[in-house]
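Asks: Sending over a structure as structure tokens; questions will come in a sec.
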């Protein structure tokens, strides 16, 4: 095979940080990655994503992809699980394997002095995992234990109930680790199938930050991915978020109820997304200054914390929120959330709120870029949602470009107080399921 | 007067980089004339600063019967002062693109903001204000007390594992206040008053009882000038009493308990031993215990408990050993075993004790020891990537009776630990008379100890 030199495009993302230079690297074998060189600390943070994740689940095999992901580090090549762990520890490298609804993620950190050996080990996990019978049983036991714990966890019950209502038979409609029944039935062949569905070259995104040059990174990319299958399962299709308005009450004996609520939302590539993001910051954006926090916590002491969030999954989009409140105050808290939703849809935000949210969001953005690991995670996330490298330099301008009139038009568009559905787990006074 | 900035729009992208400097993690320390200790940790890779004030006052410093007041006061520090309205502190931080929060432990209460480096002076202005000028209205007290009760409901009363931990800790300490939960006992939290909060505030919130830690894209001389400007004028309390808490009597009897809860679907067994913590100038035993925790119950594929209970036999789905090393008084060393589905807690506990007994006889696998030593050494390099974490190390240590020299010696102390040190430390702590064993069980489960 002809080996081409590593291709590099450099994009300077001024004015955010004078020296943050994202290089777009293409390996001799044709794998692309984003790189920020940072030679002041002798280690590398490497982030890899495979698009699809547990949304690529085969029918009736719920939990196979999650179990497979848990097994990647449990023996590979000629090393069994314990030997693999010993080898990794001897290098003081850390590998993390995780799977979500939209992607499977691999996070690695290793010292420059051990780079080649760490990459060789990581390659084994990604290319030749063993999936041996004893590891499958051991990790299956861990997953089943976790699934048993969820049966009596009100937060888990709320999520499972809401997802089933919203997404039905789509993979989003069930917990991605599966159920006790489905995981108990999984065979080794299902794990192998999950692996070939999920891990493939046509769905890779890579970011690296640290003590490495573009040429060295190019070599690493080929070592890691050259022998990977070209393609896996086709990506799943879009699913409508489809829950009628109302309340679903799940009876559960506990002094404090959990509420999870939401309705249909807005896609990540919608032109109104930035305005929606700013408006949501004002309604329930996680810090102490939001309207929901003010009304429920600061003014009335009904909860320890409440937030609302846009949830732009790759295959569906919603606006959600969550809080806990004592059984005797849950009904009052839900009324307040509905009122705030209504107010936002009717009258939107004030000029002062908009300005404060914009200042917060634009000021907070550069603070995210504060270490090799965080920068690598941001860069890989940008790639998988299709943002260009120069997005970093333009992002704050887009936040600032949201005018009051525009923000309020979008608020009226996206907040639908009459569409809100609440799943409440607990024994709240004076609340019952609709219908 | 209020701390409102004239032109917010201008600040957002005026963040400029200071010249790149090679050393991340450079530490400078000094003391202000009023006794306030200052630590600066430099990291010039990003234009960010973490500003923290740590008070040497935690839940274990509370008066008897007023449990939760240290944490309650932490919440109340976000209310009005003579210069700011309730909630204004966080609003100003957010309006400058920063985030802020606070946390309380048995030994300290800490407040922090993470913000653009050129906002440091503003943070100091506000933080120094609330160190001495808190007002507290009765309305704030009533509402915020509901918030901390909801917090207790969410984080403790809704979590059977947290309730087990609370019961075990209460049983472990016969006399020392570590037996009382930081969040407080509910019946005492319900009676916490404005007077309680102010008494705790006036006793402990003072520059000579506080440590300022500034980490990030800052230069020590600039921090010194700002600290002198904002914290320097605060009057010290003076004559702060030494932090002597009621101490433990000889512990003569093993304690065992079962916590049953209908919300448990995965039972487990946990054992907590009383264990020494890092002492100033004498950190070797604590360092040895840090190794012991990793050797016995670190990564399950390589740890002694994991290999024996999860690999050689299928007794457990999870096993871990835990030890935190940094506290003012004697801490805990804990073991946990989550049994496989058809394994009883009796069997799980017996298997755990067999593994420990065998380890005490066989000693340490030297290859495992060397791997752990290498990982600990490497963790010092990885740690430089997170300056906020470095700042917290200093905060925890300096509020736990340690000095800056102790913090800086700790990596070398860890590298100097020998397998013999570890076995000696294990010999010392594995005494069932100084331990609590707890079982977490479902209400209906039939099993007796």
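Asks: Under the condition of being assigned to a helix (DSSP H, G or I) and at the interface with another protein chain (Cβ under 9 Å from one of its Cβ atoms), which residue from the stretch A:148-158 is farthest from residue B:155 (Cα to Cα)?
Replies: Here the residue is A:148.
Asks: Right, something else. For residues in the stretch A:61-92 being over 21 Å from residue B:311 (Cβ atoms) and within 24 Å of the chain's Cα centre (by Cα), which is surrounded by the most Cβ atoms within 10 Å (Cβ to Cβ)?
Replies: Ranking the qualifying residues of the stretch A:61-92, first place goes to A:65.
Asks: State whether one or more residues within the stretch A:123-142 are assigned to a loop (DSSP other than H, G, I, E, B), modelled with pLDDT of 95 or more and within 14 Å of another protein chain (Cβ to nearest Cβ).
Replies: yes
Asks: Moving on to the next point. Only one of these is away from chain A (no Cβ under 13 Å) and surrounded by fewer than 17 Cβ atoms within 10 Å (Cβ to Cβ): B:242, B:248, B:312. Name it.
Replies: One residue alone meets the criteria, B:242.
One line per residue, one yes/no per condition, for (1) within 14 Å of chain B (Cβ to nearest Cβ); (2) in contact with a helix residue (DSSP H, G or I) (Cβ under 6 Å, 6 or more places away or on another chain); (3) in contact (Cβ under 8 Å) with a residue 60 or more places away in the chain:
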{"site": "A:53", "(1), (2), (3)": "no, no, yes"}
{"site": "A:57", "(1), (2), (3)": "no, yes, yes"}
{"site": "A:61", "(1), (2), (3)": "no, yes, yes"}
{"site": "A:77", "(1), (2), (3)": "no, yes, no"}
{"site": "A:80", "(1), (2), (3)": "yes, no, no"}
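Asks: Might you check whether a residue that is outside the structural domain of residue A:322 (by TED's automatic domain parsing) and farther than 30 Å from residue B:156 by Cα occurs anywhere in the stretch A:159-167?
Replies: Yes, the stretch A:159-167 has at least one match.
Asks: Is it true that residue B:378 is at the interface with chain A (Cβ under 9 Å from one of its Cβ atoms) and either buried (at least 22 other Cβ atoms within 10 Å of the Cβ) or without any contact (Cβ under 8 Å) to a residue 12 or more places away in the chain (or both)? Lay out the reasoning, then the answer.
Replies: Working: at the interface with chain A (Cβ under 9 Å from one of its Cβ atoms): yes; either buried (at least 22 other Cβ atoms within 10 Å of the Cβ) or without any contact (Cβ under 8 Å) to a residue 12 or more places away in the chain (or both): yes.
Considered against the rule, which asks whether it is at the interface with chain A (Cβ under 9 Å from one of its Cβ atoms) and either buried (at least 22 other Cβ atoms within 10 Å of the Cβ) or without any contact (Cβ under 8 Å) to a residue 12 or more places away in the chain (or both), residue B:378 comes out as yes.
Asks: Hey, does the stretch A:365-381 have a residue that's more than 14 Å from chain B (Cβ to nearest Cβ) and out of contact with any strand residue (DSSP E or B) (no Cβ under 9 Å at 6 or more places or on another chain)?
Replies: Scanning the stretch A:365-381, I find no residue that is more than 14 Å from chain B (Cβ to nearest Cβ) and out of contact with any strand residue (DSSP E or B) (no Cβ under 9 Å at 6 or more places or on another chain), so the answer is no.
Asks: Now for a separate question. With the structure loaded, tell me whether residue B:414 is within 14 Å of another protein chain (Cβ to nearest Cβ), modelled with pLDDT of 95 or more and under 30 Å from residue B:265 (Cα atoms) or whether it fails that test.
Replies: Here the answer is no, as residue B:414 does not meet what is asked.
Asks: Looking at B:344, B:319, B:280, can you tell me which residue is away from chain A (no Cβ under 14 Å) and under 18 Å from residue A:142 (Cα atoms)?
Replies: On the way: B:319 fails: away from chain A (no Cβ under 14 Å); B:280 fails: under 18 Å from residue A:142 (Cα atoms).
Step by step, each of B:344, B:319, B:280 is checked, and only B:344 is away from chain A (no Cβ under 14 Å) and under 18 Å from residue A:142 (Cα atoms).
Asks: Moving on. Within the stretch A:288-303, take every residue that is in a loop (DSSP other than H, G, I, E, B) and within 24 Å of the chain's Cα centre (by Cα) and give me the one that is modelled with the lowest pLDDT.
Replies: A:288
Asks: So if I check each of B:425, B:409, B:405, B:391, which one is touching a helix residue (DSSP H, G or I) at 6+ places or on another chain (Cβ under 7 Å), in a helix (DSSP H, G or I) and either under 20 Å from residue B:279 (Cα atoms) or modelled with pLDDT of 95 or more (or both)?
Replies: Among B:425, B:409, B:405, B:391, only B:425 is touching a helix residue (DSSP H, G or I) at 6+ places or on another chain (Cβ under 7 Å), in a helix (DSSP H, G or I) and either under 20 Å from residue B:279 (Cα atoms) or modelled with pLDDT of 95 or more (or both).
Asks: Further question: Out of (1) in contact with a helix residue (DSSP H, G or I) (Cβ under 8 Å, 6 or more places away or on another chain); (2) closer than 30 Å to residue A:360 by Cα, what's the single condition that is false for residue B:173?
Replies: Condition not satisfied by residue B:173: (2).
Asks: Now a separate question. Between A:45, A:40, A:105, which is more than 26 Å from the chain's Cα centre (by Cα) and within 30 Å of residue B:44 (Cβ to Cβ)?
Replies: A:40
Asks: Further question: Being within 14 Å of chain A (Cβ to nearest Cβ) and either in contact with a helix residue (DSSP H, G or I) (Cβ under 6 Å, 6 or more places away or on another chain) or at pLDDT 95 or above (or both) is true for just one of B:356, B:364, B:372. Which residue is that?
Replies: One residue alone meets the criteria, B:372.
Asks: Quick check on residue B:148: is it in contact (Cβ under 8 Å) with a residue 24 or more places away in the chain, within 12 Å of chain A (Cβ to nearest Cβ) and under 30 Å from residue B:222 (Cα atoms)?
Replies: no
Asks: Does the stretch A:189-202 include one or more residues that are buried (at least 18 other Cβ atoms within 10 Å of the Cβ), out of contact with any helix residue (DSSP H, G or I) (no Cβ under 8 Å at 6 or more places or on another chain), under 27 Å from residue A:131 (Cβ atoms) and in the same structural domain as residue A:103 (by TED's automatic domain parsing)?
Replies: yes
Asks: Just to be sure I understand, how many residues within the stretch A:372-408 are without any contact (Cβ under 8 Å) to a residue 60 or more places away in the chain and farther than 30 Å from residue A:212 by Cβ?
Replies: Total satisfying the criteria: 5.
Asks: Of the residues A:422, A:360, only one is within 14 Å of chain B (Cβ to nearest Cβ) and crowded, with 23+ Cβ neighbours inside 10 Å; which? I'd like the intermediate steps shown before the answer.
Replies: Numbers: A:422 fails: within 14 Å of chain B (Cβ to nearest Cβ).
Within the list A:422, A:360, the selection yields A:360.
Asks: Scanning the stretch B:79-117 for residues that are within 7 Å of chain A (Cβ to nearest Cβ) and within 21 Å of the chain's Cα centre (by Cα), which turns out nearest to residue B:145 (Cα to Cα)?
Replies: Among them, the one singled out is B:99.
Asks: Additional query: Give B:285, B:302 a once-over and let me know the one that is modelled with pLDDT of 95 or more, more than 17 Å from the chain's Cα centre (by Cα) and in a loop (DSSP other than H, G, I, E, B).
Replies: Values: B:285 fails: in a loop (DSSP other than H, G, I, E, B).
Only one candidate passes the filter, namely B:302.
Asks: Say we look at the stretch B:170-181 and pick out the residues that are buried (at least 19 other Cβ atoms within 10 Å of the Cβ) and over 18 Å from residue B:252 (Cβ atoms); which of these is farthest from the chain's Cα centre (by Cα)?
Replies: Out of the qualifying residues, it is B:180.
Asks: Kindly establish whether residue B:142 is surrounded by fewer than 17 Cβ atoms within 10 Å (Cβ to Cβ) and under 24 Å from residue A:151 (Cβ atoms).
Replies: Considered against the rule, which asks whether it is surrounded by fewer than 17 Cβ atoms within 10 Å (Cβ to Cβ) and under 24 Å from residue A:151 (Cβ atoms), residue B:142 comes out as no.
Asks: Yes or no: residue A:178 out of contact with any strand residue (DSSP E or B) (no Cβ under 7 Å at 6 or more places or on another chain), surrounded by 21 or more Cβ atoms within 10 Å (Cβ to Cβ) and either at positive phi or within 14 Å of another protein chain (Cβ to nearest Cβ) (or both)?
Replies: yes
Asks: Would you check which residues across the stretch B:51-75 are within 14 Å of chain A (Cβ to nearest Cβ) and touching a strand residue (DSSP E or B) at 6+ places or on another chain (Cβ under 7 Å) and list them?
Replies: Across the stretch B:51-75, the qualifying residues are B:51, B:71, B:74.
Asks: Just checking, which of B:336, B:364 is touching a residue at least 40 places away in the same chain (Cβ under 8 Å), surrounded by fewer than 21 Cβ atoms within 10 Å (Cβ to Cβ) and either under 28 Å from the mean Cα position of the chain (by Cα) or assigned to a loop (DSSP other than H, G, I, E, B) (or both)? I'd like the intermediate steps shown before the answer.
Replies: Details: B:336 fails: surrounded by fewer than 21 Cβ atoms within 10 Å (Cβ to Cβ).
Testing whether each residue is touching a residue at least 40 places away in the same chain (Cβ under 8 Å), surrounded by fewer than 21 Cβ atoms within 10 Å (Cβ to Cβ) and either under 28 Å from the mean Cα position of the chain (by Cα) or assigned to a loop (DSSP other than H, G, I, E, B) (or both) leaves just B:364.
Asks: From the list A:430, A:386, pick out the single residue that is surrounded by fewer than 19 Cβ atoms within 10 Å (Cβ to Cβ) and under 14 Å from residue A:247 (Cβ atoms).
Replies: Values: A:386 fails: under 14 Å from residue A:247 (Cβ atoms).
Criteria check complete, one pass: A:430.
The values are calculated or read from the model by the stated rules, or taken from the named source; none is laboratory data. Because the structure is a prediction, the values reported are computed rather than measured. Cβ atoms come from the backbone with ideal geometry, glycine included; neighbour counts cover every protein chain shown.
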